[in-house]
Each structure stands twice: as structure tokens, then as C-alpha cells.
1. HN-Hα J couplings of the range 23-32 from phi, Karplus 6.51/-1.76/1.60, θ = phi - 60°, integer Hz, Gly and Pro as x?
2. Ignoring ligands, DNA and RNA, please state the percent of accessible area on the chain from carbon and sulfur, probe 1.4 Å.
3. Under the definition of Cα pairs under 8 Å and six or more residues apart, what whole-number percent is the relative contact order of the chain?
4. Solvent-accessible area per residue for the chain at a 1.4 Å probe radius, Å²?
5. Report, in order of residue number, the helices in the chain meeting two criteria: a C-alpha extent of 27 Å or more along the helix axis, and a mean Kyte-Doolittle hydropathy of at least -1.0; treat each whole DSSP H run as one helix.
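The values are calculated or read from the model by the stated rules, or taken from the named source; none is laboratory data. On a predicted model such as this, the values are computed, not experimentally measured, just so you know. Ligands, DNA and RNA are stripped out before the accessible areas are found, and what is left, the full protein with its side chains, is counted by its heavy atoms. Shrake-Rupley method; radii C 1.70, N 1.55, O 1.52, S 1.80 Å.
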Amino acid sequence: MAQSNRRTSRRAIYTTLRQMVLTLELPPGAALSENELAASLGVSRTPVREGLILLA
């Protein structure tokens, strides 16, 4: 069950980050901080890191 929640969280963060890129809320070339993104999204760094890996 925990693995399923982890995948769901990673996918949700990926979707959020992707939308932020597409709407230029995260502009091209912007320096990204996992800590700042995690805090603003209300999650730990792990799903943010995994979401960024998926985006790459």
C-alpha cells in the first residue's frame, strides 16, 4: 500500500510541476530548489525529487 501511495504522490507532484512549467510559473532557466518546492507544495523532498526526475 505504501508503494502505491508513493507512486501516486510522485505522479501528482510531477503533474503539478509540469503544469507550473507549462504556465511559466517555473520559467525556463530558473534555479530550482527541492526544499523550496517541497515547502510550497506541502510535501517532502522525495516526491519533488522524483517528479523532477520524471520531467527530465
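1. Residue by residue, the range 23-32 yields 8, 6, 5, 10, x, x, x, 5, 6, 10 Hz.
2. Working: 2170 of 4020 Å².
Here carbon and sulfur together make up 54 percent of the probe-accessible area.
3. On the way: 32 pairs, mean separation 26.9, N = 56.
Value for the chain: 48 percent.
4. Working: 4020 Å² over 56 residues.
Accessible area per residue: 72 Å².
5. Values: long enough: 2-22 (30 Å, -0.77).
Within the chain the helices that satisfy the rule are 2-22.
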